[in-house]
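Written out below as structure tokens is the structure these notes cover.
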Amino acid sequence: MKILLVSPCQDVARRTLAALQIPEVALQVLAALTDERHDVRVVMEEFEDVDFSLEPDLVGLSLMTANAPRGYLIADHFRDKGAMVVIGGIHASVLPEEAGQHADAVVVGEGEPVWPQVVADAEAGKLEPLYASDGPADLAKIPHPRRDLGPVKRFMNVNPLMTTRGCPYNCEFCSVSRVYGRKIRTFPVDWVVEDVKLSGRKYHLILDDNVIARPDYALELFEALKPLNISWVGQSSMSFAERDDLMRAARESGCRGLLFGMETVSHESMKRMKKSYRDQADLAEAIERIQAAGIFFHASVVFGFDTDEPGIFDETVDFLMRSRVHSATFNILTPYPGTELYKELNGQGRLFTEDWQYYDHTTVVFRPARMTARELAEGQNRVRRSFYRPSSILKRLPRHWRHPLFFTALNLGMRFSANRSGLPLAPSDVPEPQTT
Ligand code: B12
């Protein structure tokens, strides 16, 4: 069979900057699981156009929420031409019925345990409407991704690496545990080392939600990565700051920087989210410890919690400037389907739209509790511009001057993208409901 695996772009007119594009490993793993008899092609639309004149027998699409509408267009196009279409990914996993309207089959959860069966059934012309694995994938048996398929290697592009799966938390705004479950599973350390070697790359992104989710495993992994002389970035929880041994081992293994899901500087919101730090002083101390350990600190901040008032924007910038946070992303709270937050806001009639293309963290899609949608949109925009003003970048120059090039390049890149973005307002054709 001719198999086409596609990860759609949210909007082909607004592709990610080339230097920041990262290949999507899920499709390359599915390709590796596909029998060699088949002719497999992988297209990541962030990097390259889909060739709509192709005539594949089977199309596999990987969908997040924001790129689902684009994915459905691609699905409908190839189905009209007679191809069988299978949809997987986090969005299809939480809304299989919706995805099923554009596909012959939907895969819920991890793809590896069921993909060979999907391909066999497609070949026999008898696809089931729904595939879901009986249990979690055995990570030791997952083949290494087919990096030869997909986008052409570019000098700066980082290579995605998988080391763990699963998340024990159940945050109100996240649906990750719906795909991977709540138990943390780990790829064998040898598998990861082999994967790094096979990639032949120097720069890596560890995809895990929290690289230190299993501290014992993380220590063993960092130790094994040391001799490989690579550089990597990833995401971690703030409890990293409490473990000098982990910080040292991470740095020695090539960790250049980590994204921390800080979310908020509001004391009220921290309490509601049961964060490990109690207040701003606590948080500032943790940031200082991480930076002193030589780790670049990238904060991920979210605006729009029900506890957020209009003062939250200035309070956030003041805090980030005082703590000399190296860089930050400012997101608008987004109620992804499948989350508690979605249930709550939908139940309260506060969603403006269910057009998923707007569910991207940069558009206000719900009525906030203590400010208007416009205040939220304008506040986020103001914070981005103010944090990346040249004078602000200068004021935040690292106390611990270990990554001068990285700091400058990232801050200038973020400044460019902050200035490029428009005002992220709720879709204008959807009037903001009256407060009851
Ligand atoms: C790494 C990552 C990124 C990287 C992406 C790098 C890359 N190109 O791959 C970066 C930092 C760029 C990123 C950006 C964004 N991300 Co992100 N990201 C992740 C993260 C942490 C891991 C994803 C991953 O690669 N996992 C490893 C692969 C192997 O797993 P997988 O993709 O889930 O696929 C498995 C199954 O879903 C299934 N499957 C997937 N596709 C298919 C297709 C078929 C045919 C089949 C059969 C099966 C199948 O099988 C796979 C293997 O088991 C997840 C959180 C998570 N733990 O999932 C968030 C996550 C996917 N991101 C999310 C979001 C919101 C974003 C952004 C919109 C954020 C923003 N404001 O910029 C952007 C959008 C970027 C875009 N492409 O449009 C959300 C998506 C929520 C949703 N419902 O859509 C998640 C779930 C985070 C969260 N906690 O909410 N992200």
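The values are calculated or read from the model by the stated rules, or taken from the named source; none is laboratory data. Computed from a predicted model, the values in this text were never measured in an experiment. Using ideal geometry, Cβ is built from the backbone for each residue, glycine included, and neighbour counts are taken over all protein chains shown. The area values use the complete protein model at the heavy-atom level, side chains included, leaving out ligands, DNA and RNA. Shrake-Rupley method; radii C 1.70, N 1.55, O 1.52, S 1.80 Å.
Surface composition of the chain: carbon plus sulfur atoms hold 52% of the accessible area, using a 1.4 angstrom probe and ignoring ligands, DNA and RNA. Most mobile of Arg182, Arg15, Arg37 per a Gaussian network model of the chain (Cα springs, under 10 Å)? Fluctuation is largest for Arg37.
How high is the relative contact order of region 102-238, given as a whole-number percent (alpha carbon pairs under 8 Å, six or more residues apart)? It rounds to 22 percent for region 102-238. When the alpha carbon coordinates of region 149-285 are projected onto the principal axes, the ranges are 46, 32, 29 Å, largest first. Cα centroids of region 174-216 and region 270-306: 23 Å apart.
Calculated [222 nm] ellipticity per residue, helices only, for the chain: -10000 deg cm²/dmol; basis is -39500 (n - 2.57) per DSSP H run with n ≥ 4, divided by all residues, nearest 500.
Dividing the Cα radius of gyration of region 158-420 by 2.2 N^0.38 Å, with N the residue count, gives 1.02. Its Cα gyration tensor gives region 2-132 an equivalent ellipsoid, and the semi-axes of that ellipsoid, as √(5λ) in whole Å with the largest first, are 21, 16, 15. Contact order for the chain, expressed relative to its length and based on alpha carbon pairs under 8 Å spaced 6+ residues apart, stands at 12 percent. Among 139-148, 241-250, the peptide with the highest mean count of other Cβ atoms within 10 Å heads the list, and the full ranking is 241-250, 139-148. Springs between alpha-carbon atoms under 10 Å, Gaussian network over the chain: tell me which of Asp308, Asp208, Asp279 tops the mean-square fluctuations. Looking only at Asp308, Asp208, Asp279, the largest GNM fluctuation is found for Asp279. In region 156-238, a dipole from Cβ-located charges (positive for Lys and Arg, negative for Asp and Glu) runs towards its positive end, and of Val179, Gly166, Val211 it is Val179 whose Cα lies farthest in that direction. The mean accessible area for residues of the chain, using a 1.4 Å probe and ignoring ligands and nucleic acids, is 45 Å² per residue. Close amide-amide hydrogen proximity is noted between Ala328 and Ala299, each under 5 Å apart and 5 or more residues distant or on a separate chain (H modeled in the peptide plane; Pro and chain starts excluded). Exceedance of the 28 Å cut-off in Cα-Cα distance is limited, within the set Lys141/Lys226; Lys275/Lys343; Lys81/Lys126; Lys126/Lys343; Lys2/Lys126, to Lys126/Lys343. By the Cβ rule of 4.7 Å, the chain holds the following cysteines without a possible disulfide partner: Cys9, Cys167, Cys255. Taking the DSSP beta bridges with both ends in the chain, the antiparallel portion is around 5 percent. Region 367-410 and region 1-76 have Cα centres spaced 33 Å apart.
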